[in-house]
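Here the structure comes first, spelled out in structure tokens, and everything after it is commentary.
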Amino acid sequence: MRRLRLSLLAFVSALALSANLSAETEAEAWLRYAPLPPELRKTYEPLPCQIVILGDSPVLKNAAHELVRGMGQMLGANPELHRGSSIVLGTFDQAHRLVPTLNPPEKLIADGYWLKATPIRGAPSFVITAVNDRGVLHGVFALLGKIARGESISTLDELQQPYAPIRWVNQWDNLDGSVERGYGGRSIFYADGKVRDDLSRASEYARLLASIGINGCTVNNVNAAPAVLAPDFIPQLRRIADVFRPWGVQLSLSVDLSSPKVIGGLDTFDPLDPRVAEWWRKKVDEIYREIPDFGGIVVKADSEGRSGPSAYKRTHADAANVIARALKPHGGIVFYRAFVYNHHLDWHDLKNDRAKAAYDNFHPLDGAFDDNAIVQIKNGPIDFQVREPASPLFAGLRRTNESIELQITQEYTGQQKQLCFLVPMWKEVLDFDMRVDGKSTPVKDLVAGSVFHRPLGGFAGVANVGLDANWLGSPLAMANLYGFGRLAWNPNLTSETIIDEWTQLTFGNDPLVVQTINRLQLESWHVYEDYTGPLGAGTLTNITGNHYDPAPMSSEENGWGQWHRADSHGIGMDRTMATGTGFIGQYPPEVQKLYETLDACPDNLLLFFHHVPYTHVLHLGKTVVQYVYDSHYDGAEQAAGFVPQWEKLEGHVDEERYRDILARFEFQAKEAVKWRDVICAWIFKLSHIPDNKGRVK
Ligand code: GCV
């Protein structure tokens with residue numbers, strides 16, 4: 001057994017010399033490892049003086065360096081480092097050989113870890129162990145997080161397992177360096193059609209992802225350029241995989257289904273044509289020759305103008321399987337997106353409904369997908385709106401692997417210019433009980449594969465970080481990336497726990513700072529919803545333009561199907577089985593009952609499921625029109641209230657972040673008033689019903 005020992009003391013003094021430039025600090029995100037206050041530092045004494053690595057893989061070595069870096073920065077050169085004791089890093093088999101008495105409380109699965117305080121040769125020590133190296137790395141980050149939050153580790157005995165095997169982020173980066181729906185700067189991977197020479201940010205990104213348990217990253221836009229599979233491009237991609245690998249993050253690619261024809265020289269891309277199957281096989285082999293740990297392929301097909309199997313009257317399962325079979329011998333996976341819909345729908349036809357598309361397309365194919373294919377389903381049936389019900393397709397696939405797609409980048413929720421912490425929204429979907437076969441079947445269990453005993457499943461988050469120092473374009477928005485990772489690891493964590501962790505790691509442990517930021521983040525989704533989209537009406541943003549400003553009629557009278565059907569009589573989409581589009585019929589019977597009648601339907605989704613007059617009285621006791629006025633005024637007022645709340649932190653947060661975030665809240669307050677006035681005026685113009693508080697007339 002090879003053991004590598006690192007001295008904590010030597011590393012600590014090297015770190016003390018490193019400059020603390022602000023752009024660097026921003027880029028560290030929640031991995032700042034800020035020095036703990038002396039009184040807190042003392043509680044970690046005496047510290048083990050050496051790290052013993054049982055193995056020499058790049059991931060293990062990285063884990064050890066991370067530990068040294070984190071402990072050094074947070075705890076400083078500690079004179080009381082305890083000479084005889086160690087922190088041992090290694091897989092369970094190795095650790096068990098060293099300490100035969102070790103016995104984890106339950107069987108570890110891949111990527112999970114066990115942190116155990118235990119004496120070794122009489123000296124108090126720690127073991128960080130797992131079944132694979134990536135799990136050890138996760139354990140190191142978990143231990144460092146505990147220290148950063150000032151938690152006691154002296155009697156540590158904690159085993160954590162991931163909820164699902166798939167915990168990936170998707171990046172919508174284009175090869176020219178732009179990022180579709182990215183608000184954090186240019187691509188960290190590409191510039192001018194090539195992989196960037198400097199991949200240091202890609203490496204730092206992988207470190208951030210690893211720290212929250214993410215194990216895969218798709219590095220290009222789902223609207224994929226076929227060139228990504230060109231023979232001269234794949235070796236360039238290998239360089240990205242090389243910087244991901246030490247962090248246990250697997251690289252994956254989005255592909256264009258027409259690639260065999262567009263870049264492969266074939267006259268077809270028919271997935272059932274043997275020449276096409278052969279082309280995919282060879283192409284995938286070529287990728288694995290360059291990137292032996294390649295994770296897999298994401299496909300967007302027959303959607304928003306992308307090529308797809310419909311060109312040859314083939315099914316989505318045919319298209320997924322031809323790639324799945326090429327990947328299978330290498331252990332790769334194909335993610336086939338369920339975001340398939342006709343964007344030329346006839347809006348005159350009241351029975352047409354884009355929300356039905358995912359289920360209509362994929363439910364009939366249940367059981368037809370290979371075992372290494374996953375259907376990737378957006379959380380709601382439309383497109384990342386501020387409020388949508390859970391997609392019924394989660395309950396509609398029993399013999400098919402599935403994953404949930406969440407959007408971390410705030411395309412429809414303020415584009416990082418406005419605060420909108422999305423974890424509470426994601427949790428509502430993940431916790432939503434689909435009542436499949438009348439049993440408790442929350443979405444989180446359906447996507448994790450545990451309900452129907454599927455071999456694969458999990459979580460994909462569209463992150464879209466960029467070269468901006470703070471990655472997403474706003475320091476507070478990073479809570480969404482952190483929160484996605486934490487929920488993918490354990491969807492049972494509460495929003496409160498997640499934000500509390502994030503705030504402490506990012507801003508330190510000052511109680512005023514922590515309480516204020518936690519409160520602002522936790523309120524922000526409801527506030528944003530209040531001054532933008534009422535009662536589940538769906539998008540009121542400019543959908544033909546920037547997806548940001550209020551433009552409530554832009555979604556109407558066109559083929560995109562993001563309709564709210566507001567006119568002078570009423571508002572909302574009738575999706576009932578009785579008189580509407582029948583969308584509600586796609587849910588299991590108990591959920592149908594929840595949404596089908598006005599009596600049962602919750603107010604916050606009323607206009608998603610029903611078309612009602614403006615005078616309809618909500619469960620809340622108000623009319624719809626009065627609710628719209630009130631919620632928009634309340635929301636704008638609350639957004640304005642973010643400013644004085646933040647101002648209380650002056651002197652408690654470093655000047656640079658204090659000023660930056662203050663300016664953002666001041667801007668948001670103005671944007672909220674703009675939204676309020678546009679939406680209230682619009683509803684008044686349609687309904688001719690004045691506000692009973694006299695604000696809108
Ligand atoms: C990558 C929405 C976005 C598109 C995105 C698409 C998708 O329509 O506006 O930019 O395309 O979703 O998820 O494929």
Could you list all residues from region 626-654 that are modelled with pLDDT under 95 and either in a helix (DSSP H, G or I) or within 16 Å of residue 414 (Cα to Cα) (or both)?
none
Could you say whether any residue in region 262-274 is small (Gly, Ala, Ser) and either within 16 Å of the ligand (Cβ to nearest atom) or assigned to a strand (DSSP E or B) (or both)?
no
Within region 152-186, which residues are more than 16 Å from the ligand (Cβ to nearest atom), open to solvent by 40 Å² or more (accessible area, probe 1.4 Å), over 26 Å from residue 402 (Cβ atoms) and modelled with pLDDT of 95 or more?
157, 158, 186
Hey, can you tell me all the residues within region 561-591 that are farther than 19 Å from residue 395 by Cα and either of a type in the set (A, V, I, L, M, F, W, C) or part of a helix (DSSP H, G or I) (or both)?
563, 566, 571, 573, 578
Exactly one of (1) in contact with a helix residue (DSSP H, G or I) (Cβ under 6 Å, 6 or more places away or on another chain); (2) open to solvent by 20 Å² or more (accessible area, probe 1.4 Å); (3) free of Cβ contacts under 8 Å to residues at least 60 places away in the same chain is unmet by residue 576. Its number?
(2)
Could you please give the count of residues in region 179-201 that are of a type in the set (A, V, I, L, M) and within 12 Å of residue 471 (Cβ to Cβ)?
2
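Residues are listed down the side, and each one gets a yes or a no for (1) within 16 Å of the ligand (Cβ to nearest atom); (2) crowded, with 24+ Cβ neighbours inside 10 Å; (3) among the β-branched types (Val, Ile, Thr); (4) in a helix (DSSP H, G or I):
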position	(1), (2), (3), (4)
245	no, no, no, yes
251	no, yes, no, no
260	no, yes, no, yes
279	no, no, no, yes
286	no, no, no, yes
303	yes, no, no, no
Can you name the helices (runs of 4 or more DSSP H) wholly within region 337-449 that have at least 2 residues being farther than 24 Å from residue 537 by Cβ and within 16 Å of the ligand (Cβ to nearest atom)?
357-362
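Can you tell me which residues in region 674-683 are of a type outside the set (A, V, I, L, M) and open to solvent by 50 Å² or more (accessible area, probe 1.4 Å)?
Within region 674-683, 674, 677 meet the criteria.
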Restricting region 450-487 to residues that are part of a strand (DSSP E or B) and closer than 30 Å to residue 191 by Cβ, the residue that is nearest to the ligand (Cβ to nearest atom):
462
Filter region 592-621 for residues that are crowded, with 17+ Cβ neighbours inside 10 Å and outside any helix (DSSP H, G or I) and give the result.
601, 610, 611, 612, 614, 616, 618
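Residue-wise test of (1) hydrophobic (A, V, I, L, M, F, W, C); (2) more than 29 Å from the chain's Cα centre (by Cα); (3) part of a helix (DSSP H, G or I).
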site: 40; (1), (2), (3): yes, yes, yes
site: 62; (1), (2), (3): no, no, yes
site: 88; (1), (2), (3): yes, yes, no
site: 97; (1), (2), (3): no, yes, yes
site: 103; (1), (2), (3): no, yes, no
Exactly one condition in (1) within 30 Å of residue 251 (Cβ to Cβ); (2) at pLDDT 95 or above is not met by residue 116; state its number.
(1)
If you check every pair at least six apart or on different chains, which have Cβ atoms under 8 Å apart with a residue in region 338-356 that is without any contact (Cβ under 8 Å) to a residue 40 or more places away in the chain first and a residue that is within 16 Å of the ligand (Cβ to nearest atom) and part of a helix (DSSP H, G or I) second?
340/316; 340/357; 340/358; 340/361; 340/362
Picked from region 187-212 (must be among the hydroxyl-bearing types (Ser, Thr, Tyr) and more than 16 Å from the ligand (Cβ to nearest atom)), the residue farthest from residue 146 (Cα to Cα) is 200
Within region 109-122, restricting to residues that are in a loop (DSSP other than H, G, I, E, B) and of a type in the set (Gly, Ala, Ser), the one that is surrounded by the fewest Cβ atoms within 10 Å (Cβ to Cβ) is 122
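The values are calculated or read from the model by the stated rules, or taken from the named source; none is laboratory data. Computed from a prediction, not measured in an experiment: that's the story for all the values here. Here the Cβ is made from the backbone with ideal geometry for all residues, glycine too, and neighbour counts use every protein chain on show. Just so you know, the surface numbers come from the protein's heavy atoms only, side chains and all, with ligands and any DNA or RNA stripped out. Shrake-Rupley method; radii C 1.70, N 1.55, O 1.52, S 1.80 Å.
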